[in-house]
1. Report, for residue D:294, each distance to the same residue's label point in the other copies, shortest first and in nm; define the point 7 Å along Cα→Cβ.
2. Out of the DSSP beta bridges found with both residues in chain B, what percent are antiparallel (nearest 5)?
3. Where the centroid of each part is defined by its Cα atoms, how far is region B:12-26 from region B:32-82 in Å?
4. Which distances, in nm and shortest first, link the residue D:70 label point to the same label point in every other copy, taking 7 Å along Cα→Cβ?
5. State whether the protein assembly as shown is rounded, prolate or oblate according to the following rule on the C-alpha gyration tensor (a ≥ b ≥ c being the square roots of its eigenvalues): a/c under 1.5 gives rounded; otherwise a/b larger than b/c gives prolate, and the remaining case gives oblate.
6. When the Debye formula is applied to the Cα atoms of chain D, each taken as the same point scatterer, what base-10 log of I(q)/I(0) results at q = 0.07, 0.13 Å⁻¹?
7. Please list, in chain and number order, the residues 5+ apart from residue C:119 or on another chain whose amide H is under 5 Å from its amide H, with Hs placed from the backbone.
8. Note down the relative contact order for chain D as a percent, whole number, built from C-alpha pairs under 8 angstrom at least six residues apart.
Number of protein chains: 4
Amino acid sequence: MPENIGFIGLGNMGEPMAENLLAAGFPVRVYNRTSSKASALQTKGAVVATTAADAAMPGGIVFTMVSDDRALDELCGAQPSFVECLGRGGIHVSLSTIAPATSKRLAEQHRQHGVDYVDAPVFGRPEAAKAARLWICASGPSEARERIRPLLAAMGQKTFDFGEEVGTANVVKLCGNFMIASAVEAMGEAFTLAEKNGADPAALAEMLTGTLFACPIYQNYSKLIVGGKFEPAGFRMALGLKDVDLALQTASASEMPMPLASLLRDRFLASLAKGRKDFDWTAISLDVAENAGLRKAAAR
Amino acid sequence: MPENIGFIGLGNMGEPMAENLLAAGFPVRVYNRTSSKASALQTKGAVVATTAADAAMPGGIVFTMVSDDRALDELCGAQPSFVECLGRGGIHVSLSTIAPATSKRLAEQHRQHGVDYVDAPVFGRPEAAKAARLWICASGPSEARERIRPLLAAMGQKTFDFGEEVGTANVVKLCGNFMIASAVEAMGEAFTLAEKNGADPAALAEMLTGTLFACPIYQNYSKLIVGGKFEPAGFRMALGLKDVDLALQTASASEMPMPLASLLRDRFLASLAKGRKDFDWTAISLDVAENAGLRKAAAR
Amino acid sequence: MPENIGFIGLGNMGEPMAENLLAAGFPVRVYNRTSSKASALQTKGAVVATTAADAAMPGGIVFTMVSDDRALDELCGAQPSFVECLGRGGIHVSLSTIAPATSKRLAEQHRQHGVDYVDAPVFGRPEAAKAARLWICASGPSEARERIRPLLAAMGQKTFDFGEEVGTANVVKLCGNFMIASAVEAMGEAFTLAEKNGADPAALAEMLTGTLFACPIYQNYSKLIVGGKFEPAGFRMALGLKDVDLALQTASASEMPMPLASLLRDRFLASLAKGRKDFDWTAISLDVAENAGLRKAAAR
Amino acid sequence: MPENIGFIGLGNMGEPMAENLLAAGFPVRVYNRTSSKASALQTKGAVVATTAADAAMPGGIVFTMVSDDRALDELCGAQPSFVECLGRGGIHVSLSTIAPATSKRLAEQHRQHGVDYVDAPVFGRPEAAKAARLWICASGPSEARERIRPLLAAMGQKTFDFGEEVGTANVVKLCGNFMIASAVEAMGEAFTLAEKNGADPAALAEMLTGTLFACPIYQNYSKLIVGGKFEPAGFRMALGLKDVDLALQTASASEMPMPLASLLRDRFLASLAKGRKDFDWTAISLDVAENAGLRKAAAR
């Protein structure tokens, strides 16, 4: 029996992911707040739901990929909500980058409707989403994770299981994004130190990302930083702040300082203050350069 | 005509490097402050010099691999010094991790004796030195760099050229070590956040170092951090502080703040204060854990 | 015509403040969630209200002094709320340390009931409250501020006006508390530097607080820090974190980094992680000492 | 028997101090690297020494007030030096802000010539020096401190004794300057938070410096920060960096982190990078404002 699948949230990540589900032969009911995105998928076989609740079928599966905790809260709290429509035997797969605490709270609410909640945040930029090359982390009831496995496989290159406890995959996602932002800060400071001391940042980056740091994050992001081209954004500054804030809130709730995350938060805030809300988050390196007296900012 | 080669400083990096020169068929005069290390190399064909100056032959090449700027300054300022003994046509290849400013100053002094100075710091732990798998960065007069190329090739897997300006390779080395320490801090904070929120740090590390961060630094260091075994040290805490201090001094001299380097410096100092001078530098993650209320320290 | 006055929240600040209103001859209806505190004031002439709403009389004035934004939100959102009971011509004087944004939001809500909202946070510890020596900052509609002037005068030694814009006095309060916490951090680091270098912290403190820093904050707090006695708390660590968090949230909403506030937040979190939630907030100096290898912690 | 007094270093602090000694009736031999300053004092009764050594008389007392550790080292190491000229029974009173370690090292050297070393750094700006209103901290051999007491009394309003151990007063001075810089940072962040949230920084400053922070540092410096006039400098940015660097070096040598000092150091470096070397050190508040998106910088 084929699964009844809904997909809510067709942004630059959600749309290609839903498309990959369709391409893999799964029937998908799609919903987006602004409907044009949904229409585009119609030509590829999607059924366009008229409301979020309408994307859910009893006992089916709904994926959500929305901008933040509040958006997801509103979706789940709507009258009627897709969660109620899923009802007993349904699964909500939450792909968004949100706080673990939000997932735990929602999972509790879902249980009252007989719905399983799985947090399954993804790593990868829109290109990776299109190519079905995402890395997906999942936690939640094992039976539910088992059931959605083929669906995740249609959207990513690999799924990593993080156990039964809802919210654990969200923690992993926040750790990962924090580590990426940390790498950007480290490169920003290193490249500026190089530039101010006669070493070519591009040559430095090439050397390091071909050896010690020969991995996607350093290879891709060093190019963005050295190139100094921050628009259009692959991942917007404002989202970078959101994710580091989530890490800090999670740290705070569990009583621990994260001084490097605090530093990153301050960088993001300075970048917003300087009008770079829509720049790629690697543009925190501009702030490093400016505090070193380099007038890169003038160039854009 | 074979080169006359001297090698001064036979610590856990210098010794295997000198040995690799011998193994490649080069004659090497070796010198170490404590002579036992030198004797060991004698059986492998080295000539043991009785003084540092004695390691140098007129017009030859001398490698130095010593602990810090002061040690190198003392060597070069000795009466007589190996630099004077090298004399016109000689080359001093400085492998140590030191300040670019020290290299620039020494290069100036060397010039008075007709000696070329090349800074050629290396990336890699002792195992990599043994396996001749080091990555070597070199800057200085191009003719000199050309002449030492086969020698560097005997000690490393690849040499990266950073141009004519002495000290540039030193900058690169400081940038690299700063970036490594930054990665350790980022992992320390991320793994602690995971641990305090129910995610297994080992599983997190495995996921991230198999994907976004699939490179030597993250793969090797995450194991050390998660494993929590910091003795014996691969690279001692005190050396970590030294290197970050060099980066900060270089930044200061060129008028730029490096807030992440400042944070690292504070971590190293707290670690020294807690008695961890001889722990591996990845033990700054212990400080992260303790400030999160995790009593890992008790375990060692 | 005498004012109808209500006072909600009789904690270690609210109780003495209400008592001072009574002592000045004002009739006061008091309410506290746990009623024993209210009863104590009954003997001094207070009328004990049975609900928060019951503390308000039509067109009267209600003071609130509660623990945080959420507590105030709940009070104002109750069915029925004291705000509705105040109705047209009523004034709500909000004494709590809360976010300016909360005040702005509440003022908007109050307006629908014809109630004026004045934020009037206070500086001073419980002893100052008892002695009617508080410093009170007030902002809000000028007519309302004029009307409550004699009431504030009964509770404090001086009232500072910060204009018509609701929330401005809250900003001032957050700035002040941030500056106090900053002074504590500065003293903590300075005194530890002194101790580790042979200078007596008490003598240092005496010198500085008799000259450059001859003011209440430094004089009182240096004694607490040097004395190392952090229980019972004059102002609890958890409240320190709350206030710095409010400053940081306000900064974030207005797009600015506050790196010193970030540092303080990390100190408070480390202190909570180490089990010092109920210590006086000056105990962040213990964290300074521990990171310097001084085992002061053992003393308690 | 009147003392033979020498005074070396007639900058904007040393000159008025020497003048106060003369005004109090003490004979003073003065020396300055550039001689015009010395000549000015001649008309007030000073004997102008032709060399630093010439300022010293056997068994007499020499005050030094120079820019930094290196300058003092050079003076003391000159051939011949004023220290040798002082000889047995002489006292060197070192007024400069230098590292405690430098004082300890010099005291050791002085002992070989029978000269006592007293470190006696001062608090106060040039105006206070002119008015003989400095606060002076002294440590060193008690007999020597006793002997110089009337001389210090001629230059300051009060002398604070910090015991026998040379360098202790230097520690106190570094602690004090660090605390001042910390107060500037705290005010900078608080005033900017106020400005971005509708509170008038001048009103905020007036309120706080009339109450909680009613002391010279906050009263004087808040005016400078709010006024935004940073030239001419009362105390130059470059000197601020020097002093915080000394504190950090002293902390490092005694193995302790000072994260607030690290933050200050980064502020000073950013300020130098932005071309503010000769601004008053309170201009670090400009950097706070700029990172908050306030374009104050354009105004100067």
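Quick note: the coordinates plus some simple rules give every number you see, no bench work behind them. This one's a predicted model, so the numbers in the text were calculated from it and none came from an experiment. Using ideal geometry, Cβ is built from the backbone for each residue, glycine included, and neighbour counts are taken over all protein chains shown.
1. 2.8, 3.5, 4.0
2. Within chain B, antiparallel bridges account for around 15 percent of the total.
3. 14
4. From this label point to the equivalent ones elsewhere in the assembly: 1.8, 5.4, 5.6 nm.
5. oblate
6. -0.29, -0.91
7. C:94, C:139, C:167
8. 13
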